[in-house]
Amino acid sequence: MQHKVLKSTFEFSSQLRPVVQALVLAGVIAPFALYAQTQTLEGMVISATRSAQRSFDTPAAIESVDRDTIQNAGPQVNLSETLNRVPGLTILNRQNYAQDLQVSIRGFGARSAFGIRGIRILIDGIPATTPDGQGQGSSISLPSTERIEVLRGPLALMYGNSSGGVIQAFTREAPEKPEFDAQYYAGSFGMHRNDLQWAQRIGGVGLVADYSTFDTNGYRDNSKTERKQFNGKLSFGPDEKTRVNLVFNQFDMPLAQDPLGLTAAQLATNPQQAGTNAISRNIRKTVLQNQVGSALTHTLDADRSLMARAYYGTRDNLQYQVGIAPATPNGAWVGLNRDYYGLGLQYNAKTEIAATPVRWVAGYEFDRSREKRQGGAAALGEKTSTTRDEINQAENSDLFVQATALASEKISLIGGLRYSTVRLVSDDNYLLDGNGSGNTSFNAASPVLGVTWHASDAVNLYANYGKGFETPTLAEMAYNGAGTPAFNTALNASSSQHYELGAKWAPSARSRLDFTLFQINSTDEIVVASSLGGNSTFKNAPGTSRSGWELAGHTLFGPHISGTLSASMIDAQFTQGFTSASGATPVTVAAGNKIPGIPQSFLFAEVLWSSQAMEAAKRTRSLSGLGTRAGVELVSAGRLYANDTNTAAADGYTTLNLKASHGWALGKGSLTAYGRIDNVSDQRYVGSVIVNQASSQFYEPAPGINWTLGLRLMMPL
């Protein structure tokens, strides 16, 4: 009995450790915050209300990560380098570029086996998420990104289907004087990263052009990757009232080997090995994506403006998979050729209604994707037959209106409504009986209501409510309950109710502390019904709940020292039991089981020292990066369940990272050297899991101690 008590006490204390760490660091930050006097940490954001607004006044849980943070967080390859400091967002680097990052916001998106789903991604206002809710984080080119906004909570639902959160990236503006920027990084496991960037303004025309390459041998066997990326932005204004941005980006990944997941036994034996048959069947992926878009803003007068966007893109994807015959060299392949396009129109206005100031926006958005999807058998990583040939289409047509009213000097109200129509179609060109064909439509109204009490210049309190929905993706509807190719029209969209309470405290111009409580209840959650022989089918679970809190803190302890804190905890569980399957064996998922793929807690803390006064470096771009910087990062994550039955899980972990840089002035430019050591204690842990993997190959291990070195030359011309 004593041993059981000690074990329970240890488990309970392990769960509370991130809370204690967060409260300790908050206790350190708060006293210093009262003495800060000169530098503001404030920023402008647009994602929550679709118009520029101070982050502190925005009635939502929103975080903005600036260019300086992106530049100093690492080699600018993965969003996980930067966004791990956003509370409520979990972004797991899988060490597998064939499957992209695993990203979730308040648990939405955690079940995705590949890519990002359940979260809307926008780049310069143009969607990087298809109408059925799938997106790719690799579409964001970090070296030319000026800032990234992450919107969580009910107001994110105003972005339509599968908007459990919004990640929006903005390319930098061209400077007045031409700039040339060159970067080179090298690191563990044969990592190399190069980037060349040119930015200038000629008259009223601004140009930013960025080209980067990345290659790595990978931490694990069969994880070699090669990537090339271009991001360009052309800005001009035909007149003083009109602003036009033209953007073009290309993502070319000619090789991304897939190491697959590991069983518990394989993980214990050698975490660097590839999963079963990954090498013998040459499992890999290639991607080529091109996108061009334009966004126009026209000011009608001081109170009214119009915004319009249009875009077109193509994506070619070829992936070789393990297949269903472990005793033979037979594998499988899946290929898609997609073209997608869309347009949007938005009207912003300020007015008064019954002497009450109102800022409102109304708009319409249409997006469409069409892809030719094929698949078949493969041997030794080469195609041997075609057994699937179909045309998949997805489109959305949405109307929305959102308004913010200043009811009094202390109270502001926000409300919005979005009406969405999502249509999914599959035309089967292979099966003679046509069972692979089908279509379905989903209609949903998403209301949002909120109130903010501006208690003082230093304190804002807010409460929000929203109703959202998430349709199944085309991939999730591709098989019926028997696991055969047939469009599964029995799969429903899930619906969710979101409640949020938040507080923002700025005790001085140099410090800020945000705290949020949330509760999310959903019905018809889309879950795995069976996973057998490489084919996954899906069904609707009767109900789930997610409740938790998020804490974010930023401060300048003095002119040369800053602190950042991000902490969150979530209890995500099935509220009603249901029957699922693992392989061919039915299993019962009990009410109260934890939803897999969601770390129960997460903590990021950073202390950064700079020989340059930080406020001067932020105000003057030419001083940015000069002198010496050194920082310490603490990252801690809680337990991570791998399946619905909660019989498999990865333990939590805590790692320590060290980083330093030094910049020298070179005439008008600068040369900066960077260095990082991640996981200094060489802890062995699982970075992410593959939810409900049929062969129990759940685990994707993270590397032990690893290093990165870099050089950056920035030269105004």
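The values are calculated or read from the model by the stated rules, or taken from the named source; none is laboratory data. Note that the structure is a prediction, hence the values are computed from the model and not measured. Neighbour counts are summed over all protein chains in view; Cβ atoms, including those assigned to glycine, are modelled from backbone coordinates with ideal geometry.
Things to note:
- Whichever residue in the stretch 586-623 is in contact with a strand residue (DSSP E or B) (Cβ under 8 Å, 6 or more places away or on another chain) and of a type in the set (S, T, N, Q) and, among such residues, is modelled with the lowest pLDDT: SER622
- Residue ranges of strands (runs of 3 or more DSSP E) in the stretch 618-704 with at least 2 members touching a residue at least 60 places away in the same chain (Cβ under 8 Å), of a type in the set (A, V, I, L, M, F, W, C) and surrounded by fewer than 17 Cβ atoms within 10 Å (Cβ to Cβ): none
- Considering the stretch 39-50, the residues that are surrounded by 18 or more Cβ atoms within 10 Å (Cβ to Cβ) and in contact with a Lys or Arg (Cβ under 7 Å, 6 or more places away or on another chain) include one that is nearest to ARG94 (Cα to Cα), namely LEU41.
- Some residue of the stretch 479-492 being in contact with a helix residue (DSSP H, G or I) (Cβ under 8 Å, 6 or more places away or on another chain) and in a strand (DSSP E or B): no
- Residue list for the stretch 692-708, restricted to those being hydrophobic (A, V, I, L, M, F, W, C) and either modelled with pLDDT under 90 or touching a Phe, Trp or Tyr at 6+ places or on another chain (Cβ under 9 Å) (or both): ALA694, ALA702
- Number of residues in the stretch 47-94 that are under 28 Å from SER212 (Cα atoms), of a type outside the set (Gly, Ala, Ser), in a loop (DSSP other than H, G, I, E, B) and over 16 Å from the mean Cα position of the chain (by Cα) equals 1.
- Unique residue being surrounded by fewer than 21 Cβ atoms within 10 Å (Cβ to Cβ), modelled with pLDDT of 95 or more, in a strand (DSSP E or B) and in contact with a Gly (Cβ under 6 Å, 6 or more places away or on another chain) when the list is LEU513, LEU517: LEU513
- Here GLY323 does not fit the description of being of a type outside the set (Lys, Arg), part of a strand (DSSP E or B) and out of contact with any helix residue (DSSP H, G or I) (no Cβ under 8 Å at 6 or more places or on another chain).
- For the stretch 99-109, the set of residues classified as touching a Leu at 6+ places or on another chain (Cβ under 9 Å) and either more than 15 Å from LEU79 (Cβ to Cβ) or not hydroxyl-bearing (Ser, Thr, Tyr) (or both) consists of LEU101, GLN102, VAL103, ILE105, ARG106, listed by residue number.
- Scanning the stretch 158-195 for residues that are over 30 Å from LEU474 (Cα atoms), hydrophobic (A, V, I, L, M, F, W, C) and crowded, with 17+ Cβ neighbours inside 10 Å gives ALA174, MET191.
- Index of the failed condition, GLU149 passing every other in (1) of a type in the set (D, E, K, R); (2) within 26 Å of GLY450 (Cβ to Cβ); (3) part of a loop (DSSP other than H, G, I, E, B): (3)
- Residue in the stretch 139-152 that is surrounded by fewer than 23 Cβ atoms within 10 Å (Cβ to Cβ), over 21 Å from ILE520 (Cβ atoms) and without any contact (Cβ under 8 Å) to a residue 60 or more places away in the chain present: no
- Matching entry among ALA36, ALA22 (being small (Gly, Ala, Ser), buried (at least 22 other Cβ atoms within 10 Å of the Cβ) and either at pLDDT below 85 or not in a loop (DSSP other than H, G, I, E, B) (or both)): ALA22
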